[in-house]
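Structure first, then comments.
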Amino acid sequence: MVSGAIVLAFLPLVLTFIIRYRYYFVLFYRAVLVRIWYDCKTGLSREERAFQYVLTHATPGDPESILETFDLWCSTVEFISNIGPKKGKIMDRILSEHCPLNVLELGSHCGYSTVRIARALPLGARLYSVEMDARNAAIAEKVIRLAGFDDDMVELIVSPSDEVIPKLRSEYGLERLDLVFMDHWKKCYRNDLQALEGSGLLGKGSVVLADNVLFPGAPNFLKHVRKSGLYEWKIHRATLEYSKGIRDGMAELVYQGIK
Amino acid sequence: SVVQESQEFVEKYEGAIGKGKGRKLYAYKVMMLKKWMKFQRDFENFKTACIPWEMKIKEIESHFGSSVASYFLFLRWMYGINMILFGLTFGLVMVPEALMGMPYGSMPRKTVPRAEEANAMDFAVLWDFGGYAQYSVLFYGYYNSQRTIGWLKFRMPLSYFLVGVGTVAYSYMVVIRTMARNANEDGGGDNNCFNFSWKMFTSWDYLIGNPETADNKFASITTSFKEAILEEQESRKDDNIHLTRFLRVLANFLVLCCLAGSGYLIYFVVRRSQKFALEGLESHTWWERNEVNMVMSLLGMFCPMLFDVISTLENYHPRIALQWQLGRIFALFLGNLYTFIIALMDEINLKREEEEMVKLNMTIWEAGLYNETVGVNSTTPPIAIHPADIPRGPCWETMVGQEFVRLIVSDTMTTYIMLLIGDFLRAVLVRFLNYCWCWDLEAGFPSYSEFDVSGNVLGLIFNQGMIWMGAFYAPCLPALNVLRLHVSMYLQCWAVMCCNVPQERVFKASGSNNFYMAMLLVILFLSTLPAIYTIVSIPPSFDCGPFSGKSRMFDVIQETLESDFPAWFGKVFSYASNPGLVLPFLLLMVLAIYYLQSTSKSYKQANLELKKKLQTVSHDNHVSAIILCAIPALT
């Protein structure tokens, strides 16, 4: 019916598509196909596989080596969206500039970013890490304790973020948050930011770091930040973790207070 | 006030302040001179204000950079040329025939045939330029071959021929003159010192009072900074030259493979369609009948995207990359041109064979008619038959004109629809789906489209080539093109401001103007070749057009020389067109061109040397000024 010539004429389009979006195809392969394959083969979840690897290859008590082992696993074996080495360096720099005492982390997943933040905290600072999924929280707990951080530095809260934020002041006795790190579901960024504003936990000079604002992207969050005028905001451009060609960014917001 | 009074006094007695004798005459002369200068200045202002679309283009330039604006400047320039061509064809060909020629219905060639009369007014037929549109001043076939028409004794066939030649000659002249002017403006290289300082301290315009103008100025300064930064970056890049060369060779090889593949595909499809045409078009499906058009449109849409992706290997300056991209798409479109011309030549041959048969049939028919009337009455009354019933010969020139007009119309429609769907619909989807999609559509996959400079420029150039090819056979083409360019300007200006985002790497397009002109010149040359070939070698139809009855179209010149000019003129002309005289003249012209070329090169060289000397002198002055200032500080 449709002749071969017309079908052949579509060949340049297919080639263009494949070449232009080759990094996205690679990401899809690693994040989805390889994961499904290993899920069927081993029966463990992805985070448990990661933890097994870290347990066998890292030195306990040394956060540096745990982070490096995680990076190695994510680059070579499978893909987990931790913050990654490049964006992690940006985060370390921001942490060392601000030296926060109270840090809130939304979405610890495997505990990679928790260990990274806790590593850079000064003495006497406290990190509250919120994770919604119970199994991931269990893994994160093990990873944090493996890294050698005890209970008065890092506290892991297992509950959805929108339920925790109103209770932070009452149950956990927090007056002000110096740094908030958002790395959970991108849909929740804007709601959680508004909840934090409403709860009065952000003071002048508080920093909010939001990861993955360009890919997969949080457009509502960025729109809210631009419109509200409460923040001095900047987007640090980098590449997606463990991937070379996909552009991503981390938004750094400094709360200015209501004028 | 005192100032005004004194000004009036000086103006009144200015002449008297000058010479003693002949005071009045001198004063009068000075006054006239001043009035003339004022008039000239006002006229210059008026001329500048009359330039159409200046504000629109400036606004686009401030947001999108000079490369996108160069397309719109090119479009405006084309519009000017097409206006002149329209003036020529409308005023000297269409209007005389419409006003002073024989009216509709008086001759077979000017009347819709009886068989087609029923649906000659249908919109579908008119859109296809058949029916009443075909039998009108819009096409070649309507024109009568009478030597003079009307009370003015207007020489219609001569005018038709000369307008056809004149449009081509005018186009050549204008293109080459513009190229020469652009080459002058380029000069021998800019003075690039303190680029950023100049931009930083002198960019703002303190006379701006309107907020929107201020926003535009802000955008344009930002864009010009981006352009300057890019130029600086490009001039500093120094990386592995061997790897770059290898990658460029590889990229060119890949592009050649793609061009060869698509060329072979087009050739294959054209051969198949010729086979189908021989078997009769009705026995094939819609897909097979329109195979050639579909394959050409698809390749024309998809191959440029592939070239764009391959060119990221090459790592050129964006201006050079744009020129390479233009050249490659040009080579691709030549394939399209080739198929179109092959198809046209086949149809012309078919029509000419038909013509022979019709000539035969007509003599038989006329004889039959004559015998009938003689049989009734012995005298021969005038045979009164309605022109619509007389069989007429096929008119290949009108068919060619119709093909060109249909091509232009379908091309225009395709462009506008692609613009609306590819740019506008995409922008609407990205803006409104973004509220409920999992990834950021604006920053990620589809996002807003960028303005495709190369595709649009080439579309414009090839479109103009079609006009030049077909204007001889369809005098309505320049009018159609003027309308199309007018609508394009407004539509594309709106689409660019509404749906497109600026490119990431914004570059200065100053060198591109001559490149577009060079491509236009090549297309002008390529498109006049087929027209000239058909004029010189194919005899005109015997039954339609201003040259019917002649053995070659250019015989009209011979006829004019014999009948309208005195005898000695014809003799002089025949002497002048003697090859013995023409060849030495051509040789002299070639030598003159070579001489002028070498002198202009040496002048350019001298210019560059002077500029360098000027730079070193100013540098020395600068250094010595610093030393002079430093001496008091040291002591």
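Note on B:Glu450 and B:Ala384: the extension gain reaches 17.2 nm, defined as 0.36 nm multiplied by sequence separation minus the Cα-Cα distance. Couplings 3J(HN,Hα) of the stretch A:202-207, computed from phi: 9, x, 5, x, 5, 10 Hz, in residue order, whole Hz [Karplus 6.51 cos²θ - 1.76 cosθ + 1.60, θ = phi - 60°; x for Gly and Pro]. Our note on the geometry: Cα centres of the stretch A:68-115 and the stretch B:559-614, 77 Å apart. Counting protein heavy atoms only, the stretch A:160-259 has 51 percent of its accessible area on carbon and sulfur, 1.4 angstrom probe. Highest mean first, the peptides B:395-401, A:123-129, B:480-486 sorted by other C-beta atoms within 10 Å per residue fall in the order B:395-401, B:480-486, A:123-129. Rounded is the label for the stretch A:83-255, because the ratio a/c of its alpha-carbon gyration tensor axes (a ≥ b ≥ c) stays below 1.5. Heavy atoms of the protein chains alone define the surface here; on that basis the stretch B:469-618 has 58 Å² accessible area per residue at 1.4 Å probe size. Take the accessible area of B alone and of A alone, subtract that of the pair with a 1.4 Å probe, and the total buried over both chains is about 2000 Å². Projected label points at B:Tyr172 and A:Ile258, each 7 Å from Cα along the beta carbon direction, are separated by 7.8 nanometres. Each Lys and Arg contributes +1 and each Asp and Glu -1, all at the Cβ; summed about the Cα centre of the protein assembly as shown, the dipole is approximately 2840 debye.
Averaged over peptide B:282-295, the number of partner chain Cβ atoms lying within 10 Å of each residue's Cβ comes to 2.
For the segment B:258-266, counting C-beta atoms of other chains within 10 Å of every residue's C-beta and taking the mean gives 2. Across chain B, the mean sequence separation of Cα contacts (distance under 8 Å, 6 or more residues apart), normalised by length, yields a relative contact order of 24 percent. By the rule of a C-alpha distance below 12 Å, with chain neighbours fewer than 8 residues away ignored, the aspartates and glutamates paired with B:Lys359 are B:Asp543. Between A:Gly200, A:Ile246, A:Ser108, whose Cα lies farthest towards the positive end of the dipole of the stretch A:83-255 when Lys and Arg beta carbons carry +1 and Asp and Glu beta carbons carry -1, centred on the Cα centre? The Cα lying farthest towards the positive end belongs to A:Ile246. Using a/c under 1.5 as the rounded threshold, could you call the stretch B:537-588 rounded, prolate or oblate? The axes a ≥ b ≥ c are square roots of the C-alpha gyration tensor eigenvalues, and prolate needs a/b larger than b/c, oblate otherwise. Note, shape of the stretch B:537-588 comes out oblate. When a/c reaches 1.5 or more, the comparison of a/b and b/c decides; with that in mind, is the stretch B:193-334 rounded, prolate or oblate per its Cα gyration tensor? Oblate, since a/c reaches 1.5 and b/c is not below a/b. Of the GluC sites (Glu not before Pro) found in the stretch B:470-578, the ones in coil according to DSSP and having at most 12 other Cβ atoms within 10 Å of their Cβ are B:Glu504. Other protein chain C-beta atoms within 10 Å of residue C-beta, averaged over A:11-21: 6. Counted by Cβ distance under 14 Å from B:Glu347, the other residues give a net charge of -3, where Lys and Arg count +1 and Asp and Glu count -1. Helical content alone sets the calculated 222 nm signal of chain A at -15000 deg cm²/dmol, taking -39,500 (n - 2.57) per DSSP H segment of four or more residues and averaging over every residue. Look at the alpha carbon pairs under 8 Å that are at least 6 residues apart: their mean separation over the length of the stretch B:453-577 gives a relative contact order of 21 percent. Summed over the residues of the stretch A:83-255 and divided among them, the accessible surface reaches 41 Å² per residue at a probe radius of 1.4 Å. Summed over qualifying helices (DSSP H, 4 residues or more, each -39500 (n - 2.57)) and divided by its residue number, chain B shows a 222 nm mean residue ellipticity of -25000 deg cm²/dmol. Here A:Lys204 sits with roughly 140 square angstrom of accessible surface, probe radius 1.4 Å.
The values are calculated or read from the model by the stated rules, or taken from the named source; none is laboratory data. In this text the structure is predicted, and so the values were computed from the model without any measurement. So basically every Cβ, Gly included, is an ideal-geometry build from the backbone, and we count neighbours across all protein chains shown. Note: areas computed on protein heavy atoms with side chains; ligands, DNA, RNA excluded. Shrake-Rupley method; radii C 1.70, N 1.55, O 1.52, S 1.80 Å.
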